[in-house]
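The values are calculated or read from the model by the stated rules, or taken from the named source; none is laboratory data. Just so it is clear, the structure is predicted and the values come from calculations on it, not from any experiment. Here Cβ is always computed from backbone atoms with ideal geometry, including for glycine, and neighbour counts include all displayed protein chains.
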Amino acid sequence: MKMSKFMALCAGSCLVVGSALAATQQTSVNQLQKETSQLAKQVKMLQGKVKQLQSYHNSDRAIPSQKLNTSDSNGLLKYFKYGSPVTVSPYVGLRPAFDASDLVTYLPSMNEDLKVLQQRQKLEKHLAVKGVDPADRPMLTLSGHVEGRASWNQGYARSNVRDINLSGAQLEALATVSPWATGMLVLSYDDGAKMNTGSRRVENSRIYLDRAFLTVGQLAVSPLYFTVGQIYIPFGVYNNYMVTTPLIQSLMRIKQRAALVGFDKNGIYGSVYAFHGDSYDGNSNVINDYGFNLGYERKNQTVNSDIGIGVINNIADASGMQNTSASTGFLGFGQITTGTPEKLGHLIPAIDVHAKASYQKWSMFAEYITALQKFSSVDIAFNGRGAKVAALEAQAGYNFNLKRFPANIAVGYGRTWDALAFNLPQQSVFAKAGISLFKDTIESIEYRHDINYKKTDSYSGTGVATTNPTGHRSNNIVTAQIGVYF
């Protein structure tokens, strides 16, 4: 009897233990299945990330930003969600273009203040779509470039010149101080020797303040903005697809310390400006130069266009007229050493008209600037009469991909009138090919053919005697350049 009770008790215990073991085993299986399911989801998510990164690496299209988690209890994401206070990225959360075309250093130098405001407005719209508020603290964006060239120049005298040069180096600092205030400072490097001193260019290699300005404005709130500083005066646009500087820019572009009021609304933009010019016809202690520009820019998915006009009361303050970079002859109004420096017989008003259009991979532009009256023959004469200086530039380009590398080709034509005294040819034709073999670099080669004024043409300028051009009329230049942009 006792034995039977003992056996029954053992059987019951075994049944309980077996049931417990079975339950435990089932729990382990369920847990394992759950963990396996979670791992599968993580693997799938990682596979998606890998595909996204592969697309990021192989494509030049931007990866959409992810909505940022602002519920971080430590507050770290709130502080860092806009990136570091000092950045080299032009757009938060967007992959920059392979060819560096969206970097600050690639902003056009003309109407630079407006381009900065437009870029910021575009960034704020992007952040709003992603559910992120604009940064509420100062941001500093650093950008710049370094460019090296190798060139072969036949010269008008048929004296071949071969050279390797550090042709450009620049550092830009764009400060976004508040929603209404921005500032920009540009430091550049001088690659040439000082004129008429015999100094070596390596010894010169100076760093100087190229441009610096502050702008008050917020296009999302008001179409008006105000800028003051050392800028390229918004007279002309000087587009360029080439490596070397076009004739119209060499002759007509103006850099001064100015103040302007501008506007930008629904594609219509413009500004009025004033500055104290270096050349004058009377009292030099006044704000004697002023002008305006007006344009219309249209953008859509197929065709982009930009047309505009500008007027200035005195083109003699253009850099190409202030300094001709000539070792002999007329050195420019800014280099006059006899008489009263830069006092002209009268001021020279000028007008600019320009147009630009792009369709799919094609783009083209044309620009024409002319003085509205002749210089006094005492200041600058061409063939015995007062020079009426003018310049034209027209270029066309085609963008394409060579395998996965962005590439382009371009051709152009330039022309000047009555500009012999300013050390410029009468005509130029050129062609260029470029490619970005490495990210944020551009490798280019250009051929340029200059045609000088006739041997029978002559000029005279303040403080110099009449000089006739010598040598052949043509000049051939081949330039290879590589640039790094950041």
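A few notes on this one:
- The test for being over 30 Å from Leu103 (Cβ atoms) and in contact (Cβ under 8 Å) with a residue 40 or more places away in the chain does not hold for Phe430.
- All positions within segment 363-421 that are touching a Lys or Arg at 6+ places or on another chain (Cβ under 6 Å) and at positive phi: Asp418
- Of the strands (runs of 3 or more DSSP E) lying entirely inside segment 233-318, those containing at least 3 residues that are surrounded by 24 or more Cβ atoms within 10 Å (Cβ to Cβ) span 289-299.
- Condition met for Arg385 (of a type in the set (Lys, Arg) and over 30 Å from Asp457 (Cα atoms)): no
- Residue in segment 293-303 that is small (Gly, Ala, Ser), within 26 Å of Thr215 (Cβ to Cβ) and out of contact with any His (no Cβ under 9 Å at 6 or more places or on another chain) present: no
- Qualifying residue in segment 114-130 (condition: part of a loop (DSSP other than H, G, I, E, B) and either within 14 Å of His145 (Cβ to Cβ) or modelled with pLDDT under 75 (or both)): yes
- Per the listing Val272, Val286, the residue uniquely of a type in the set (A, V, I, L, M, F, W, C), free of Cβ contacts under 8 Å to residues at least 24 places away in the same chain, over 25 Å from Ala390 (Cα atoms) and touching a strand residue (DSSP E or B) at 6+ places or on another chain (Cβ under 9 Å) is Val286.
- Residues being outside any strand (DSSP E or B) and within 30 Å of Arg120 (Cα to Cα) - total across segment 158-192: 2
- Filtering segment 465-482 to residues that are crowded, with 16+ Cβ neighbours inside 10 Å, modelled with pLDDT under 95 and of a type outside the set (S, T, N, Q) leaves only Pro469.
- Subset of segment 433-443 that is surrounded by fewer than 22 Cβ atoms within 10 Å (Cβ to Cβ) and of a type outside the set (A, V, I, L, M, F, W, C) - its residue that is farthest from Ala97 (Cα to Cα): Glu443
- Only one of the listed residues (Lys455, Lys403) is under 30 Å from Ala371 (Cβ atoms) and of a type outside the set (S, T, N, Q). That residue is Lys455.
- Of the residues making up segment 387-405, those that are outside any strand (DSSP E or B) and either buried (at least 18 other Cβ atoms within 10 Å of the Cβ) or of a type in the set (Gly, Ala, Ser) (or both) are Ala387, Val389.
- Selection within segment 363-386 - surrounded by fewer than 18 Cβ atoms within 10 Å (Cβ to Cβ) and at pLDDT below 95: Ser376, Ser377, Val378, Asn383, Gly384, Arg385
- Residue check for Phe263: over 20 Å from the mean Cα position of the chain (by Cα) and over 22 Å from Leu209 (Cβ atoms): yes
- Extreme residue, surrounded by the most Cβ atoms within 10 Å (Cβ to Cβ), among residues of segment 406-427 that are within 24 Å of the chain's Cα centre (by Cα) and in contact (Cβ under 8 Å) with a residue 40 or more places away in the chain: Gly414
- Every pair of residues 6+ apart whose Cβ atoms lie under 8 Å, when the first sits in segment 144-166 and is on the phi > 0 side of the Ramachandran plot while the second is surrounded by fewer than 17 Cβ atoms within 10 Å (Cβ to Cβ) and in a strand (DSSP E or B): Gly155/Val161
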